[in-house]
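Have a look at the structure below, then the notes.
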Amino acid sequence: MTETFKVVNDDIIIRYVTKDDKEAWSKLWKGFQAHYEIKAPNGIEDINFPKFLDPNVKMWSALAIDTKRDKAIGMVNFLSRHSTWDLTEIIYLNDLYVDENERVKGVGRSLIEFVYEEADKMGTPHVYWTTDHFNHRAQMLYTKVSNLTTKVIYRRHGY
């Protein structure tokens, strides 16, 4: 990926992760898992993080950085996939998380908009994601930047 920055305000930018961001990304990733009560396999970050840096893998991560404190305060992970319903690949916004102490500053919205802008650059403007039905706080944001679909998700038993 080319180096891309999105300026949120005077103090916050969004940029793709670099090889030096693993610790900051991992901290947010663990916060994401705790917030959503997800138990990911041990060592998954050691598998995923290099994929974000590999130009041959269509999976990316970006961080929201508070430049005054030089601190990562939010992250978004997204990937591209083929679809039988579209002529182009589509983008799945897989993970979105803003540190709980940093919310209500426009960071979550800016992370989503970063993905939209990158998808447009890739020629894959179709972006979608899922959320828990009880995640009303996030849904208040999502209704401002996206359309709610009528789809219901099913998954295999045990997963």
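Only the coordinates and a few stated rules stand behind these numbers; no lab work does. Everything numeric in this text was worked out from a predicted model, so none of it was measured. Positions of Cβ are backbone-derived with ideal geometry, glycine not excepted, and every protein chain shown enters the neighbour counts.
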For the residue pair His82 and Glu117, what label-to-label distance in nm results when each label sits 7 Å from Cα along the Cα-to-beta-carbon direction?
3.1
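Give me the net charge for the shell around Leu63: Cβ to Cβ below 9 angstrom, other residues only, Lys and Arg +1, Asp and Glu -1.
Details: positive: Arg15; negative: Asp21.
With Lys, Arg at +1 and Asp, Glu at -1, the neighbours total 0.
Using r as the Cβ-Cβ distance of Ala40 and Asp10, and R0 as 41 Å, what FRET efficiency do you calculate, to the nearest 0.05?
Numbers: r = 35 Å, r/R0 = 0.85.
In this case the efficiency is close to 0.75.
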For segment 154-159, in residue order, the Karplus 3J(HN,Hα) values (coefficients 6.51, -1.76, 1.60; θ = phi - 60°; whole Hz; Gly and Pro = x) are 10, 9, 4, 3, x, 10
Arg156 versus Thr131, label points 7 Å from Cα toward the beta carbon: distance in nm?
2.9
Between Ile47 and Ser146, what is 0.36 nm times their sequence separation minus the Cα-Cα distance? Round to one decimal in nm.
32.6 nm
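Suppose a student asked you for the relative contact order of the chain, using Cα pairs under 8 Å spaced at least 6 residues apart; what percent would you report?
On the way: 206 pairs, mean separation 29.6, N = 159.
Averaging sequence separation for qualifying contacts and normalising by length gives 19 percent for the chain.
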With only helices counted (DSSP H, runs n ≥ 4, each -39500 (n - 2.57)), the per-residue ellipticity at 222 nm for the chain, to the nearest 500, works out to -10000 deg cm²/dmol
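When a/c is below 1.5 the answer is rounded, else prolate if a/b is larger than b/c, else oblate, so apply that to segment 89-159 with a ≥ b ≥ c taken from the square roots of the Cα gyration tensor eigenvalues.
Values: a/c = 1.74, a/b = 1.07, b/c = 1.63.
Oblate is the answer for segment 89-159, as a/c is 1.5 or above yet b/c matches or exceeds a/b.
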For the pair Lys19 and Arg69, what calculated FRET efficiency results from E = 1/(1 + (r/R0)^6), where r is the Cβ-Cβ distance and R0 = 22 Å, to the nearest 0.05?
0.55
Estimated inter-spin distance, Ala138 and Gln33, nm [label 7 Å along Cα→Cβ]
1.6
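With the Cα gyration tensor of segment 73-113 giving a ≥ b ≥ c as the square roots of its eigenvalues, does the rule (a/c under 1.5 for rounded; else a/b larger than b/c for prolate; else oblate) give rounded, prolate or oblate?
Numbers: a/c = 4.94, a/b = 3.05, b/c = 1.62.
In terms of gyration-tensor shape, prolate.
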Which three extents, in angstrom, do the Cα atoms of segment 9-144 have along their principal axes, listed largest first?
42, 33, 33
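Past 20 Å, Cα to Cα, is the threshold; run Lys105/Lys144; Lys19/Lys105; Lys121/Lys144; Lys30/Lys71; Lys71/Lys105 against it and keep the listed order. Mind showing how you got there, number by number?
Working: Lys105/Lys144 15 Å; Lys19/Lys105 27 Å; Lys121/Lys144 22 Å; Lys30/Lys71 16 Å; Lys71/Lys105 15 Å.
From the list (Lys105/Lys144; Lys19/Lys105; Lys121/Lys144; Lys30/Lys71; Lys71/Lys105), the Cα-Cα distance tops 20 Å for Lys19/Lys105; Lys121/Lys144.
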